[in-house]
Amino acid sequence: MIKLILADLDGTLTEDKGVYRISIEALEALRRAEDIGIKIALVSGNSYPVLRGLHNYLGITGGVVAENGCVVYYGKKIKLCKNMDLNILNEFREKFKLKDSWQNEYRECDFGFTPANLTEEMIRWAKDKNVYINTSGYAIHIALNLAGKSVGVRKLLELHGLKKEEVAAIGDSLTDIDMFKEAGLRAAVGNADEKLKKEADVILNLKSGNGVKEFINYIIDGKIWN
């Protein structure tokens, strides 16, 4: 049985892609799961302070994977990645004429920039520098390798003492492909990136937050089993 659900934030728990309002339907579903003993964890490229606050105020108990796998919280905060090299950060910003995410002030390892369109030139630059790069659809993220959501999720599952088969994951973007590698049951919301859908066990009918509600109801009602 599923004991932990890993949930992306932007584009997944929100009302839609490009929207920052958390879906009420998704929130109600998260609490329904928690009420019957299925823990919820937030797995996102957002900064640790943002996710740590949401973890408390949303009423969930499964922990946090922040900065695309670089920072984990479950009872205590653990940093898994190297602090960003400011020279690399400045070079990336200036070379591609990008704007800092407002959360960069609070980040340690993984930094976000807009616009969120990841280009082949950026990918080549990152490969030459041995830098992790990806896009959430909200921002382009860079970090020093090794990074990616799978790094943080593996640590979170270790802290929980859970097997992959006891874990479900739901997301919408390319950054969630790494998260899917560590989950036994993988769901893409209806408006997810097509590349993510190819990695999913379940493609939901509904978009973003409503898709989260659809998925959690399926799990609770026994319609989907790993």
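The values are calculated or read from the model by the stated rules, or taken from the named source; none is laboratory data. Just so it is clear, the structure is predicted and the values come from calculations on it, not from any experiment. All Cβ positions, glycine included, derive from the backbone under ideal geometry; neighbour counts span all protein chains shown. Note: areas computed on protein heavy atoms with side chains; ligands, DNA, RNA excluded. Shrake-Rupley method; radii C 1.70, N 1.55, O 1.52, S 1.80 Å.
At a 1.4 Å probe radius, carbon and sulfur cover how many percent of the accessible area of the range 1-96? For the range 1-96, the apolar C and S fraction of the accessible surface comes to 50 percent.
Scalar couplings 3J(HN,Hα) for the range 106-122, obtained by applying the Karplus form with A = 6.51, B = -1.76, C = 1.60 to θ = phi - 60°, are 10, 8, 10, 10, 9, 10, x, 9, 10, x, 8, 7, 7, 9, 4, 5, 5 Hz; x denotes Gly and Pro. Note on the chain: with a GNM built from Cα contacts shorter than 10 Å, the maximum mean-square fluctuation among S173, S101, S136 falls on S101.
Calculate I(q)/I(0) for the range 86-144 by the Debye formula, one identical point scatterer on each C-alpha and no solvent, and give its log10 at q = 0.24 Å⁻¹ to two decimals. Normalising to I(0) and taking log10 leaves -0.99. With θ taken as phi - 60° and the Karplus curve 6.51 cos²θ - 1.76 cosθ + 1.60 applied, the whole-hertz 3J(HN,Hα) list for the range 135-145 is 10, 9, x, 9, 7, 8, 10, 10, 7, 6, 5 Hz, x standing for glycine and proline. For the chain, the longest principal axis of the Cα atoms and the long axis of helix 208-220 meet at an angle of about 40 degrees.
What number, rounded to the nearest 500 deg cm²/dmol, is the helix-based mean residue ellipticity at 222 nm of the chain, given -39500 (n - 2.57) per DSSP H run of at least four residues and division by all its residues? One gets -9500 deg cm²/dmol as the mean residue ellipticity at 222 nm.
Other residues lying with their Cβ under 12 Å from the Cβ of D10 contribute a combined charge of -3, Lys and Arg counting +1, Asp and Glu -1. Put a plus charge on the Cβ of each Lys and Arg, a minus charge on the Cβ of each Asp and Glu, and nothing anywhere else: the dipole of the range 86-144 about its Cα centre is then about 120 debye.
If I fit a long axis through the Cα atoms of helix 149-160 and take the longest principal axis of the Cα atoms of the chain, what angle between them do I get, 0 to 90°, rounded to 10? Approximately 40 degrees, to the nearest 10. Sorting the Cα pairs of the chain by distance into bins of 10 Å, from 0 upward, gives 9, 37, 37, 15, 3, 0 percent per bin. Counting 0.36 nm for each residue step from V50 to K223 and taking away their Cα separation leaves a gain of 59.0 nm. Which of rounded, prolate, oblate describes the range 16-110, given a ≥ b ≥ c as roots of the alpha-carbon gyration tensor eigenvalues and a/c under 1.5 marking rounded, otherwise prolate only if a/b is larger than b/c? Oblate is the answer for the range 16-110, as a/c is 1.5 or above yet b/c matches or exceeds a/b.
For the chain, modelled as a GNM whose springs connect Cα atoms under 10 angstrom apart, the maximal fluctuation among N210, N104, N134 occurs at N104. Phi angles of the range 18-32 translate, via the Karplus equation with coefficients 6.51, -1.76, 1.60 and θ = phi - 60°, into HN-Hα couplings of x, 10, 9, 7, 6, 5, 4, 4, 5, 4, 4, 5, 4, 5, 4 Hz per residue; Gly and Pro are given as x. Quick one: accessible area per residue over the chain, 1.4 Å probe, rounded to a whole number of Å²? Per-residue value: 45 Å².
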